[in-house]
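So the structure is just underneath, and the comments pick up after that.
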Amino acid sequence: MLSRTLLGENIVMFRGKEGAPQAILDRCPHRFAPLSAGRLNDGVVTCGYHGLSFDGEGRCVGNPHGKPGAIRTRSFPIVARNMILWVWMGDPDQADAARIPDCSFIDETPEAARITGTLPTGAHYQLIVDNIMDLSHADYLHPTTLGGMFTGAKTHVSGGNDRLLIEYNAVDCNPAPAFHSIVPPPQKADVRVEVQWFAAGVMILAAGAQPTGTTRDPGRDSFTLHSITPETDGSAHYFYCSTRPFLTDNVEVSASIKAALEKAFVEEDKPMLELQQRQIGDADFWSLNPLLLPIDSAAVQVRRALDKLIDAEARDER
Amino acid sequence: MLSRTLLGENIVMFRGKEGAPQAILDRCPHRFAPLSAGRLNDGVVTCGYHGLSFDGEGRCVGNPHGKPGAIRTRSFPIVARNMILWVWMGDPDQADAARIPDCSFIDETPEAARITGTLPTGAHYQLIVDNIMDLSHADYLHPTTLGGMFTGAKTHVSGGNDRLLIEYNAVDCNPAPAFHSIVPPPQKADVRVEVQWFAAGVMILAAGAQPTGTTRDPGRDSFTLHSITPETDGSAHYFYCSTRPFLTDNVEVSASIKAALEKAFVEEDKPMLELQQRQIGDADFWSLNPLLLPIDSAAVQVRRALDKLIDAEARDER
Amino acid sequence: MLSRTLLGENIVMFRGKEGAPQAILDRCPHRFAPLSAGRLNDGVVTCGYHGLSFDGEGRCVGNPHGKPGAIRTRSFPIVARNMILWVWMGDPDQADAARIPDCSFIDETPEAARITGTLPTGAHYQLIVDNIMDLSHADYLHPTTLGGMFTGAKTHVSGGNDRLLIEYNAVDCNPAPAFHSIVPPPQKADVRVEVQWFAAGVMILAAGAQPTGTTRDPGRDSFTLHSITPETDGSAHYFYCSTRPFLTDNVEVSASIKAALEKAFVEEDKPMLELQQRQIGDADFWSLNPLLLPIDSAAVQVRRALDKLIDAEARDER
């Protein structure tokens, strides 16, 4: 059983009888004990306080004190795809697995070339989305690993509604240290990075570099998933998975990328995001009148798209 | 001096000149320093900040800066009885020592056969009362010590107002491991357990077991006091004292009962109660629509009785 | 860079190009990152998140993503005087360095005879001001160091508005242990202590003692600054600096005074102030109806003066 707080709700996830993932409210409807403090047996969770049992649909399938009858706890649509558990926290009737972003690049990458991490971050999920939707920050926060060529790059933003694309093209630049294995200094490079955002907090980053003026091979792009799941109003689960299509069995390259990502994400992004959150506190982000810069274009469009989606959902619920 | 927060008030308890227990507000009326941070001398507490002195009635009996005059701090009726300090936190005129539940079984038990404990618990006191007023939980939470025969037992609830009795009769059952010294397995037993509740949080549990079909001797019942004093809205002092009328000088039996109670109360009840509290947070218990089961009968009657008593007291104060 | 929370605002202090102290809001106007998490270079602070740079006036002097234009962060008037940084948190137009209390006794004292300390204290700054404006507490809280003769001393309070003086004259008294190097027991002494308060939280204490009946030499008075800067509503920065005009190169005397002050301030005052704060919590001080004693005269006058000044400032802002 895996107990996690998602969007302020306590959820317990486990495998059903047939092995499929299940997600139900981690709270017995009787006396509110967390079901995750009980026992899992053959796809059924039994509350450790008074023995009520629930299946993955949230149905009571065992009541030692009477009939299970109509006893239920809430269940949540959940799908395992591309090595990720996708839980739908909204109206179950609106759950649509077809809208899950395609992360098949994860499965298609040999394990040795996949670098994954989970980063509990004490910051509102939108601050983390801002972070990825404005990669110029890498030039200042990650100068020794991922940054260097974003501020001078040409950018283009497209899309809208629930997805958005930002492209960075840096021509004849000094590439970030992370690209030095592909374009060693003092060689200059042409670098292209794309970030595709999917509402609410899923971003897929594609990045490629080659020596200046040589032909780009999109088949050599690296992909990194940044998936941000809100935990509470001031914290989020930050999942990432970085893959590459080259040197896929070279564990030394993997170790070096892993070290760079952990330096950037754990030692630099996470503290900065948490400091931001502490400064903002409970205030509404816009109420603080943030200065808008050209680099914020994609992040601001994402925030406005989210505001619209959140408003629309609130209207539907009324 | 013993400083404790009771019902949200900071209280300091100490012995007066003649040795009688005293309880006054642990807050100097001058600058609100806790008196317990001062000195106790001959039944008088002197504030460590500016030297005002108070006796157990809360009267100022020493003021180095003027006359004691009418300076007072609040005092609370307090009685030591049956090795327990009973403090009355309400209107002092309503204090009535005759209403203190009789716990003389404690004094009457030789020290070697008394097992006592204090358990600071991060849960609303009514959650702890619920716990004791529904012993079916022992079958699921304490299967290796106290539980096993409650779910199948016949129960009977009687009383009302400020006291309530629930009786459990389990006939020809597999007794809880705690009874194995009396009825060793695989023998079956007839077990009888009674819990008498006294408002607000005092419960006395009487328990006896004998081999199936043999005659019950009420004189061999064990008694356990469960006394729950609210500390704050989300925490309570849980005091317990378990006694037995047999093998009273057998320290090994005492050690084994003590181990069983600590496993049940400290390792199982306390974490579960604190998890419940975290799930409930500041919400009103009933607002969460708890599922009602037959096992909840006594606990729900106690909650309703408490609601009435609390309402009546609030009306009196208006 | 020195980052401190003053009056609930996060401030970063640093030296400008010419070496003068600077104080600006420790929050980038772009995404609210604390500037103190960035880099200081030649009097300019560069944000570690997206590279905006600010000088000590709060002007943006570097924007890698466009023109600095009118980008600003708040700056605060700051003056270094008498080894103290004085920051003005109010309306910058009202800042008036001429109103800074004269603490030249600090500079005029050789370093070996200056004893300084910073005490983060979890108490509202007015509780700490109360503490110093009523030295009678020393007789009860600091009997082994600073107290003994205040309760019996004659006091006189004068002044008003934004400054106030309380004088203590103890004639033919047993002086506090801290005076034993000047008047060794069992000799009696005449002791004079003055505390001058300057709004909001600056107090200068002058103290002198001589054998009973001998002539007082004001030139031998010791001076101690007690400067209390609010951090949040429930905490303050407590700075102190004690000087003496005699035995100024005697490091043993300095060590002994330092030990006495630390015992009194760190081990006795700070815990008592923090206990007071916990008892008071969020409540308004006066709403708790504190008992008023003659010893409170100066402290109460200071509180009333502060209330007036705070009201007047609030009126000005409207």
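The values are calculated or read from the model by the stated rules, or taken from the named source; none is laboratory data. What you see is a predicted model, and the numbers here were worked out from it, not measured in a lab. In this analysis, Cβ positions are derived from the backbone assuming ideal geometry, glycine residues included, and neighbour counts consider all displayed protein chains. Just so you know, the surface numbers come from the protein's heavy atoms only, side chains and all, with ligands and any DNA or RNA stripped out. Shrake-Rupley method; radii C 1.70, N 1.55, O 1.52, S 1.80 Å.
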Practice item. For region C:55-67, just list the computed ³J(HN,Hα) in residue order, Karplus coefficients 6.51, -1.76 and 1.60, θ = phi - 60°, integers in Hz, with x standing in for Gly and Pro. Key: 9, x, 8, x, 7, 6, 10, x, 9, x, 10, x, 8
Practice item. Using only the alpha-carbon atoms of region C:108-317, report the extent along each of the three principal axes, biggest first, to the nearest angstrom. Key: 51, 31, 31
Practice item. Would you kindly derive the ³J(HN,Hα) couplings of region C:129-137 from the backbone phi angles with the Karplus curve 6.51 cos²θ - 1.76 cosθ + 1.60 (θ = phi - 60°), listing them in order in whole Hz, with x for Gly and Pro? Key: 5, 3, 4, 7, 7, 10, 6, 4, 4
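Compute the projected area of the convex hull of the Cα atoms of region A:122-184, averaged over all viewing directions, and report it in nm² to one decimal place.
Numbers: hull surface 21.6 nm².
In nm², the orientation-averaged hull projection of region A:122-184 is 5.4.
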Check your understanding: Copy-to-copy spacing for C:R304, label 7 Å out on the Cα-to-C-beta vector, in nm, shortest first?
Key -> 5.8, 5.8
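If you take the Cα atoms of region B:57-214, find Rg, then find the Kirkwood Rh from the mean of 1/r over all pairs, what is Rg/Rh? All intermediate terms of the calculation are to be shown ahead of the outcome.
Working: Rg = 21.4 Å, Rh = 19.0 Å.
Result: Rg/Rh = 1.13.
Do any trypsin sites (Lys or Arg not before Pro) in region A:17-59 lie in a DSSP loop with no more than 14 other beta carbon atoms within 10 Å, and if so, which?
Numbers: sites: A:K17, A:R27, A:R31, A:R39, A:R59; in loops: A:K17, A:R27, A:R31.
Of the trypsin sites (Lys or Arg not before Pro), the ones in loops of region A:17-59 whose Cβ has at most 14 other Cβ atoms within 10 Å are A:K17.
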Revision key, fill the gap. In order over region C:163-172: 3J(HN,Hα) from phi, Karplus 6.51/-1.76/1.60, θ = phi - 60°, whole Hz, x for each Gly or Pro, gives 8, 7, 10, 10, 10, 10, 10, 10, 9, 6
Review point. Considering only protein heavy atoms, what is the solvent-accessible area of B:R304 at a probe of 1.4 Å, reported in Å² to the nearest 10?
Key: 130
Exercise for review: Provide an ascending nm list, one decimal, of label-point separations from B:D172 to the equivalent residue in each further copy; define each label point as 7 Å from Cα along Cα→Cβ.
Suggested key: 9.8, 9.8
**Study point:** Other-chain or far-sequence residues with amide H under 5 Å of B:V61's (modelled H)
**Key:** B:S53, B:F54, B:D55
Study note, to complete from the structure: Taking max minus min of the Cα coordinates of region B:90-139 on each principal axis, largest first, gives extents in Å of 42, 32, 21
Practice item. Run through the other copies and list how far each one's label point is from that of C:D91, in nm with one decimal, shortest first; the point sits 7 Å from Cα along Cα-Cβ. Key: 5.3, 5.3
Practice item. Enumerate by residue number the GluC sites (Glu not before Pro) in region A:1-102 meeting two conditions: DSSP loop (anything except H, G, I, E, B), and at most 15 other Cβ atoms within 10 Å of the site's Cβ. Key: A:E18, A:E57
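Using only alpha-carbon positions, what ratio does the radius of gyration of region A:1-80 give when scaled by 2.2 N^0.38 Å? Present the calculation step by step, with values, prior to reporting the outcome.
Working: Rg = 11.4 Å, N = 80, 2.2 N^0.38 = 11.6 Å.
Normalised Rg, Cα atoms only: 0.98.
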Check your understanding: How much accessible surface does B:I295 have with a 1.4 Å probe, in Å² rounded to 10?
Key -> 30
Practice item. At 7 Å along the Cα-to-beta-carbon direction for both C:D162 and A:T116, put a label point, then send me their distance in nm to one decimal. Key: 6.4
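Over region C:108-317, with the other protein chains present, what is the accessible area per residue in square angstrom, probe 1.4 angstrom? Could the numbers behind the result be given before it?
Numbers: 9560 Å² over 210 residues.
Counting only protein heavy atoms, the per-residue value for region C:108-317 is 46 Å².
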Point to revise | For chain C, built as a Gaussian network whose Cα springs stay under 10 Å, the top-fluctuating residue of C:Q276, C:Q126, C:Q196 | key: C:Q276
Check your understanding: Among chain C residues, which Cβ is nearest the axis of the C-onto-A rotation, and at how many Å?
Key -> C:D282, 10
Point to revise | region B:20-36 versus region A:157-173: alpha-carbon centroid distance in Å | key: 67
Practice item. Treating each Cα of the protein assembly as shown as an identical point scatterer and ignoring solvent, apply the Debye formula and state log10 I(q)/I(0) at q = 0.05, 0.10 Å⁻¹. Key: -0.46, -1.23
Point to revise | For chain A, built as a Gaussian network whose Cα springs stay under 10 Å, the top-fluctuating residue of A:P245, A:P294, A:P271 | key: A:P294
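For region B:1-44, report the % of Cα-Cα distances exceeding 12 Å. Mind showing how you got there, number by number?
Working: 547 of 946 pairs.
Counting every Cα pair in region B:1-44, those more than 12 Å apart make up 58 percent.
Can you give the Rg/Rh ratio of region A:222-298, where Rg is from the C-alpha atoms and Rh is the Kirkwood radius?
Values: Rg = 16.4 Å, Rh = 15.2 Å.
Rounded to two decimals, Rg over Rh is 1.08.
State, to one decimal in nm², a quarter of the convex hull surface area for the C-alpha atoms of region B:19-125, i.e. the direction-averaged projected area. Mind showing how you got there, number by number?
Details: hull surface 37.6 nm².
For region B:19-125, averaging the hull's shadow over all directions gives 9.4 nm².
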Review point. Accessible surface of A:C173 in the full protein assembly, 1.4 angstrom probe, to the nearest 10 Å²?
Key: 20
Practice item. Find how many whole Å separate the alpha carbon centroid of region C:189-232 from the alpha carbon centroid of region B:184-212. Key: 71
